[in-house]
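Peer 1: Structure below; questions to follow.
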Amino acid sequence: MDEPDPDSTLPTSVDERVLLVEDDPSIREVAAIGLKGAGFRVTTSGDGRDGLLRARRDPFDVVLLDVMLPSLDGFEVCREIRKDSRVPIVMLTARTDTIDVVVGLESGADDYVTKPFEMAELIARVRAVLRRSAAEPAERTHSVGGLEIDPGSFAARMDGRELSLTATEFKLLLELARRPGQVFTRELLLQRVWNYEYLGDSRLVDVAIQRLRSKVEADPAHPTLIRTVRGVGYRLERG
């Protein structure tokens, strides 16, 4: 397993820290160089268990997580991180099967990039998840039925109960709550929540909605708050 690169810390004016957990040395090196060149501070690891320890020990702004890792696979690392953190997570995977993508997202990842990838795409994904994790202090609190969303404090409550949401889940819920009753297409949600049009995948939306329902619906199998509009998209009921 790697120790942090000696040159992984840029000047203190740069405060966005990336943890890169990837067992392929060549991919790890190229990705680290590209991320540093884009202005990020990068710490690397080549082992799942070591990566998890680093994620728990140090404050990172985003985690890039390979799926196939020694000692602990990326799915399990992702699930463990999600037990006590909502740090943005992007999965790095050579797998393109739908089931593998869905498992990663259901484990709590915010996004995924398939290998081989272009550095421009990876950097775009990292910047997108970082934008989603930023609070929006100027925006008012939204209340829909028993749901209350406060963008300034990045908090959401259902009937007074604090919801444990990832940054992407929070942004998705906020987007729906801004216009209750409006139907959002998957393409529109990709633009407004994931911040890109052509790098996206509608599976991101569907799995994020599924995870969100598991946290806000009394019966996620029969949702009454976040409704599916068949053939179109999703809407948040007015309550």
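The values are calculated or read from the model by the stated rules, or taken from the named source; none is laboratory data. Just so it is clear, the structure is predicted and the values come from calculations on it, not from any experiment. Every residue, glycine among them, receives a Cβ derived from its backbone with ideal geometry; neighbour counts consider all protein chains shown. Heads up: the accessible areas ignore ligands, DNA and RNA and are worked out on the full protein's heavy atoms, side chains in. Shrake-Rupley method; radii C 1.70, N 1.55, O 1.52, S 1.80 Å.
Peer 1: Aspartates and glutamates near residue 115 by alpha-carbon distance under 12 Å, same-chain residues fewer than 8 away left out - which ones?
Peer 2: Residue 115 reaches 22, 24, 66.
Peer 1: Amide H to amide H under 5 Å from residue 86: which residues, 5+ apart in sequence or cross-chain, H placed 1.01 Å off N in plane?
Peer 2: Under 5 Å from the amide H of residue 86: no residue qualifies.
Peer 1: Another question, then. Which value, in debye to the nearest 20, describes the size of the charge dipole of the stretch 65-188 about its Cα centre when Lys and Arg Cβ atoms bear +1, Asp and Glu Cβ atoms bear -1, and nothing else is charged? List each step's numbers first, then the result.
Peer 2: Working: 17 positive and 21 negative charges, 69 e Å.
Charge dipole, the stretch 65-188, about its Cα centre: 340 debye, nearest 20.
Peer 1: Hey, another quick one. Looking at the stretch 130-239, which chymotrypsin sites (Phe, Trp or Tyr not before Pro) are DSSP coil and have at most 11 other C-beta atoms within 10 Å of their C-beta?
Peer 2: Values: sites: 154, 170, 184, 194, 196, 198, 234; in loops: 154, 194, 196, 198.
Listed in order of number, the matching sites are 198.
Peer 1: Within the chain, what whole-number % of the accessible surface is contributed by carbon and sulfur, with the 1.4 Å probe and all protein chains included in the calculation? Mind dumping the intermediate values first?
Peer 2: On the way: 5450 of 11080 Å².
Roughly 49 percent, rounded to a whole number.
Peer 1: Expected output is a single nm value to one decimal: the length gained when fully extending between residue 26 and residue 222, i.e. 0.36 nm times separation in residues minus the C-alpha distance. What is it? Don't skip to the end; give the middle numbers.
Peer 2: Numbers: separation 196, 0.36 × 196 = 70.56 nm, distance 4.65 nm.
Extra length from residue 26 to residue 222 when fully extended: 65.9 nm.
Peer 1: DSSP beta bridges in the chain, what fraction antiparallel, as a percent rounded to 5?
Peer 2: Numbers: 15 of 32 bridges.
Antiparallel: roughly 45 percent of the beta bridges in the chain.
Peer 1: In whole Å, what are the extents of the stretch 17-133 along the principal axes defined by its C-alpha atoms, from largest to smallest?
Peer 2: Cα extents, longest axis first: 32, 30, 29 Å.
Peer 1: Loop-only check: which GluC sites (Glu not before Pro) in the stretch 168-228 are DSSP coil with at most 13 other Cβ within 10 angstrom? Can you show the working numbers first?
Peer 2: Details: sites: 169, 175, 187, 197, 217; in loops: 197, 217.
Taking the stretch 168-228 and a limit of 13 other Cβ atoms within 10 Å, the loop GluC sites (Glu not before Pro) found are 197.
Peer 1: Hey, can you find the accessible area per residue of the stretch 133-235 for me, probe 1.4 Å, expressed in square angstrom?
Peer 2: Numbers: 4870 Å² over 103 residues.
Accessible surface, normalised per residue, equals 47 Å².
Peer 1: With unit charges on the beta carbons (Lys and Arg positive, Asp and Glu negative) and the dipole taken about the Cα centre of the stretch 142-236, which residue among 154, 228, 143 sits farthest to the positive side?
Peer 2: Value computed over the given set: 228.
Peer 1: Placing unit charges on C-beta atoms (Lys and Arg positive, Asp and Glu negative, everything else neutral), compute the dipole magnitude of the chain about its Cα centre in debye, rounded to 20.
Peer 2: Details: 34 positive and 41 negative charges, 226 e Å.
Computed about the Cα centre, the dipole is about 1080 debye.
Peer 1: Which whole-number value in Å² is the accessible area per residue of the stretch 18-109, probe 1.4 Å? Working shown, then result.
Peer 2: Values: 3590 Å² over 92 residues.
Spelled out: the 1.4 Å probe surface of the stretch 18-109, per residue, equals 39 Å².
Peer 1: So how do 129, 103 rank on accessible area, 1.4 Å probe, biggest first, that is with the largest at the start? Write down the numbers at each step before the final one.
Peer 2: Working: 129 0, 103 45 Å².
My answer, sorted largest first, is 103, 129.
Peer 1: Another question, then. What are the principal axis extents of the Cα atoms in the chain, in Å, biggest first?
Peer 2: On the principal axes, the chain reaches 54, 39, 30 Å in Cα extent.
Peer 1: So what's the Cα pair-distance distribution over the stretch 96-178, bin width 10 Å, in %?
Peer 2: Per 10 Å bin, starting at zero, the Cα-Cα P(r) for the stretch 96-178 comes out as 16, 40, 28, 15, 1 percent.
Peer 1: Only four residue types carry charge here, +1 at the Cβ of Lys and Arg and -1 at the Cβ of Asp and Glu. Report the dipole size of the stretch 142-236 about the Cα centre in Debye, rounded to the nearest 20. Display every interim value, and only then the final one.
Peer 2: Values: 14 positive and 12 negative charges, 39 e Å.
Roughly 180 debye for the stretch 142-236.
Peer 1: Can you list which of the trypsin sites (Lys or Arg not before Pro) found in the stretch 151-239 are DSSP loop residues with at most 13 other C-beta atoms within 10 Å?
Peer 2: Numbers: sites: 157, 161, 171, 178, 186, 192, 203, 211, 213, 215, 227, 230, 235, 238; in loops: 230, 238.
Counting only loop positions with at most 13 other Cβ atoms within 10 Å, the trypsin sites (Lys or Arg not before Pro) in the stretch 151-239 are 230, 238.
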